[in-house]
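Undergrad: Below is a structure I'd like to ask you about.
Please treat every number below as a calculation from the coordinates, not as lab data. This one's a predicted model, so the numbers in the text were calculated from it and none came from an experiment. For neighbour counting, all protein chains shown are included, and Cβ atoms are generated from backbone atoms with ideal geometry for every residue, glycine included.
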Amino acid sequence: MPLRRVSAAYLAQAEELRDNVQQWAAYESRGNCIVLAGPGSGKTKTLVLKMARALAEDVRAPRGIACITYSQECTRELTRRMESLGLRESSRLFIGTVHGFCLRHLLIPYGRLANLGLPDPITVSTTDHSQQVFLRVRARLFGEASTHRKIDMDKHRRIHLDRAAPSWREFEELATLAEAYEEALHHDGFVDYEDLVIYGERLVTQHDWVLPLVKACFPMLAVDEYQDLGVGLHRIVKRLAFDGGVRLFAVGDADQSVYGFNGADSSLLHDLAERPDVECIKLKVNYRCAEAIVRVSERALGEFREYRSYDPDRQAHIDLIECPDGLTQQAKWAIEKIIPAALRRQPGRQIGDIAILYRNAGIGDVVAGAAADAGVSFIRVDTSAPYRKCAITSWVEDCSAWCAGGGRDAKPMLQGLIDRWLAFHRLPLADNNARIHIKKLTEFLWSHRENRSAWYFVSAIREKLLDNLIAGNACLVDQAAQMDAMTRALQVGGILHDLDMAGLGGRDGSPDQLNLLTLHSAKGCEYDVVIMLGLDEGTFHWTNVQGNDLLESRRLFYVGVTRARDEVYMLYSGWNENRGRRYYSGRLRFLEELNAD
């Protein structure tokens, strides 16, 4: 029996897990638990209900649960699902990225006590400023002609956390560059996102006194998408769980590990799952994909996983389409042929149920051009998007959605917007200052309940609320840069100038807009219809790719196929272009294994 009042929604939804033996076992687990969850297996639902139960039955107030996930998009989805159960972010529930957890719950409260040597106050550098520091240091050390890249230096910092180990100096120039870069950045009074995890890990692993303090706040730690989160988080998790007594509940799928270029290592998930003091549960039922798509996806992966569709009789449509004239023809074929047919095929289907997936933003430019030429409205999620998703930009989008009409259906919930607003100020709900901030926010939202231009709304919310917040919070410097990018995109002449408030509120998905995403951005998403473009050797990956890079490329292809509920279209041309030359390297090698022609 629950120890205190719980959400009726949580109890009702929990009963839905009972018929799935593996989901129910995860829900009933009492100790450390790792859930290995294939595509469409209901892992997010299982994770959310497990956290809801733990908050209701196991973790007594004022203590809480910290839930760490990979990206801002994942954070947003988990937050919405918890809100639907009547549970919101508060001092008892943290949902955020590993960087956010390290900053808010490790470095800010304990960093100065541990004499970590970080700037005080901790101010996160903007991406542009970090790049400028890197270029300055690189030129000083190795000359203007140096070809060292920041992405390589950051990966070295991310993977080799022990600076005393021989592996740190395995690539001597990268190690020297990293040390000089960090010294220069800190001298300027800033840290970067890599620092947050690096120093968070040092704090936890080198200072025993921190462990009971973290456990006192968060006796349970939940981790989503564990396979993508890297060495730093893995060390933090092991230290908190197995030395600090924090209970661990983590979900992940090594087959969907696609961030090796960022330092992610899928073997870390298996390392946890194989421990004798951890219960390992595997989810086998795919609630998303039709049976034919499940079977094709296993051929795409090159491994048999014994997954099965929840609805084995549901029909699927799978097609490989050759477009010999290249990417432009692929994009045009998708927009003008596939999408209209898919909309006709299923009554009630909307264009928001369809996604076009591709390898990189360059292909996204081609697709966006074809969609614009055809008058198709779209949402784009890749590196060419007008601004990067972060906590503040996502919150502004949700405020816009509420004012434009979403508030009538509690989508999003007003209380959730308030909780996130207070979290920016790091204020508990009962604080007297919190009441002032709540009043300002609710008055603003209530007075802007109309669907005007997004530019008008963003200008107003910045003037009345956000600019003062950002000016007084050094931790929000990088997020302020993304708010500036959003503002530029919405102003006259900007790429999103014609957007209204409802459109801004639907920037993470709208029934009336086609979804354009990179394959990496599509992780965690699902659509009725998935169209994959650029499936050619030399376009999807280098023609000479091998080893771990080839395995990761295969997993990325697998991720794309498994986003689809009912229909998958795979388009190729048989050639690729590089520096103006055409290379007939053939279609993607994984297509040869599908036997779906």
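Undergrad: In nm, to one decimal, how far is the ALA164 label point from the ASP128 one, both placed 7 Å along Cα→Cβ?
TA: 4.1 nm
Undergrad: Now, a different point. Can you list residues from other chains, or at least 5 along the same chain, whose modelled amide H is less than 5 Å from the amide H of LEU93?
TA: When sequence neighbours closer than 5 places are left aside, the close amide H contacts are ILE65.
Undergrad: A further question on this structure: For the residue pair SER377 and ARG435, what label-to-label distance in nm results when each label sits 7 Å from Cα along the Cα-to-beta-carbon direction?
TA: Each label point lies 7 Å from its Cα, and together they span 4.2 nm.
Undergrad: MET532's amide H: which non-local residues (gap 5+, or another chain) put their own amide H closer than 5 Å, with H modeled 1.01 Å from N in plane and none for Pro or chain starts?
TA: For MET532, whose amide H was placed from the backbone, the distant partners under 5 Å are LEU357, TYR569, MET570, LEU571.
Undergrad: Assuming R0 = 56 Å, can you tell me the calculated FRET efficiency for the pair ASN468 and GLN315, based on Cβ-Cβ distance, to the nearest 0.05?
TA: Values: r = 56 Å, r/R0 = 0.99.
That pair, ASN468 with GLN315, gives E of 0.50.
Undergrad: Considering only Cα-Cα distances, which of the following residue pairs are longer than 27 Å: LYS43/LYS439; LYS50/LYS284; LYS50/LYS411; LYS337/LYS389; LYS43/LYS337; LYS389/LYS464?
TA: Numbers: LYS43/LYS439 37 Å; LYS50/LYS284 18 Å; LYS50/LYS411 23 Å; LYS337/LYS389 32 Å; LYS43/LYS337 34 Å; LYS389/LYS464 22 Å.
Distance filter (> 27 Å) returns LYS43/LYS439; LYS337/LYS389; LYS43/LYS337.
Undergrad: Another question, then. Using only DSSP helix segments of four residues or longer, with each worth -39500 (n - 2.57), what per-residue ellipticity at 222 nm results for the chain after dividing by its residue count and rounding to 500?
TA: On the way: 24 runs with 251 residues, N = 597.
Calculated from helices alone, the mean residue ellipticity at 222 nm is -12500 deg cm²/dmol.
Undergrad: Another one. Over all pairs of distinct alpha carbons, what does the Kirkwood formula give as the hydrodynamic radius of the stretch 391-505, in Å?
TA: Numbers: mean 1/r = 0.0701 Å⁻¹.
Result for the stretch 391-505, one decimal place: 14.3 Å.
Undergrad: Ranking request for peptides 137-144, 126-133, 388-395: highest mean number of other beta-carbon atoms within 10 Å first, then the rest in descending order. Walk me through the numbers on the way to the answer.
TA: Values: 137-144: 14.0, 126-133: 16.5, 388-395: 19.2.
So the order, starting with the most tightly packed, is 388-395, 126-133, 137-144.
Undergrad: Provide the FRET efficiency to the nearest 0.05 for the ARG112-SER459 pair, computing r from the beta carbons and using R0 = 45 Å.
TA: Values: r = 37 Å, r/R0 = 0.83.
The pair ARG112/SER459 has a calculated efficiency of 0.75.
Undergrad: Another question about this same structure. Mind running the shape call on the stretch 173-259? Use the C-alpha gyration tensor, a ≥ b ≥ c as the square roots of the eigenvalues: rounded below 1.5 for a/c, prolate if a/b tops b/c, oblate otherwise.
TA: Oblate is the answer for the stretch 173-259, as a/c is 1.5 or above yet b/c matches or exceeds a/b.
Undergrad: For THR543 and GLN350 in the same chain, what is the full-extension length gain: residue separation times 0.36 nm, less their Cα-Cα distance, in nm? Kindly include the intermediate steps, with their values, before the conclusion.
TA: On the way: separation 193, 0.36 × 193 = 69.48 nm, distance 3.70 nm.
So the extension gain works out to 65.8 nm.
Undergrad: Once you sort the root eigenvalues of the Cα gyration tensor of the stretch 534-575 as a ≥ b ≥ c, which label holds: rounded (a/c under 1.5), prolate (a/b larger than b/c) or oblate (the other case)?
TA: On the way: a/c = 4.67, a/b = 1.37, b/c = 3.41.
Oblate shape, in that a/c is at least 1.5 and b/c is the bigger or equal ratio.
Undergrad: Separate question: Please list, ordered by chain and number, the residues whose modelled amide H lies under 5 Å from the amide H of GLU279; skip anything fewer than 5 residues away on the same chain.
TA: ASN32, CYS33, ILE34
Undergrad: For the pair LYS411 and SER267, how long in nm is the line joining their label points, each one 7 Å along Cα→Cβ?
TA: Roughly 4.5 nm, to one decimal.
Undergrad: Please name whichever of ALA164, MET483, ASN433 sits farthest to the positive end of the charge dipole of the chain, dipole taken about the Cα centre and charges placed at Cβ: Lys and Arg +1, Asp and Glu -1.
TA: Toward the positive end, the furthest listed residue is ASN433.
Undergrad: Per 0.36 nm of contour for each residue apart, how much would the distance between SER146 and LEU551 grow if the chain were fully extended, relative to their Cα-Cα spacing? Before the final figure, lay out the partial values.
TA: Numbers: separation 405, 0.36 × 405 = 145.80 nm, distance 3.06 nm.
Computed gain between SER146 and LEU551 is 142.7 nm.
Undergrad: Hey, can you rank 263-271, 518-526 by average C-beta count inside 10 Å, highest first?
TA: Numbers: 263-271: 19.2, 518-526: 21.1.
For the peptides 263-271, 518-526, the packing ranking is 518-526, 263-271.
Undergrad: If you don't mind, another one. Is the C-alpha gyration tensor of the stretch 444-496 telling us rounded, prolate or oblate? Criteria: a/c under 1.5 is rounded; beyond that, a/b larger than b/c is prolate, otherwise oblate. Mind dumping the intermediate values first?
TA: Values: a/c = 3.13, a/b = 1.23, b/c = 2.54.
Verdict is oblate for the stretch 444-496.
Undergrad: Within the stretch 288-321, report the trypsin sites (Lys or Arg not before Pro) that DSSP leaves as loop and that have at most 15 other Cβ atoms within 10 Å. Can you show the working numbers first?
TA: Numbers: sites: ARG288, ARG295, ARG299, ARG305, ARG308, ARG314; in loops: ARG288, ARG305, ARG314.
Counting only loop positions with at most 15 other Cβ atoms within 10 Å, the trypsin sites (Lys or Arg not before Pro) in the stretch 288-321 are ARG314.
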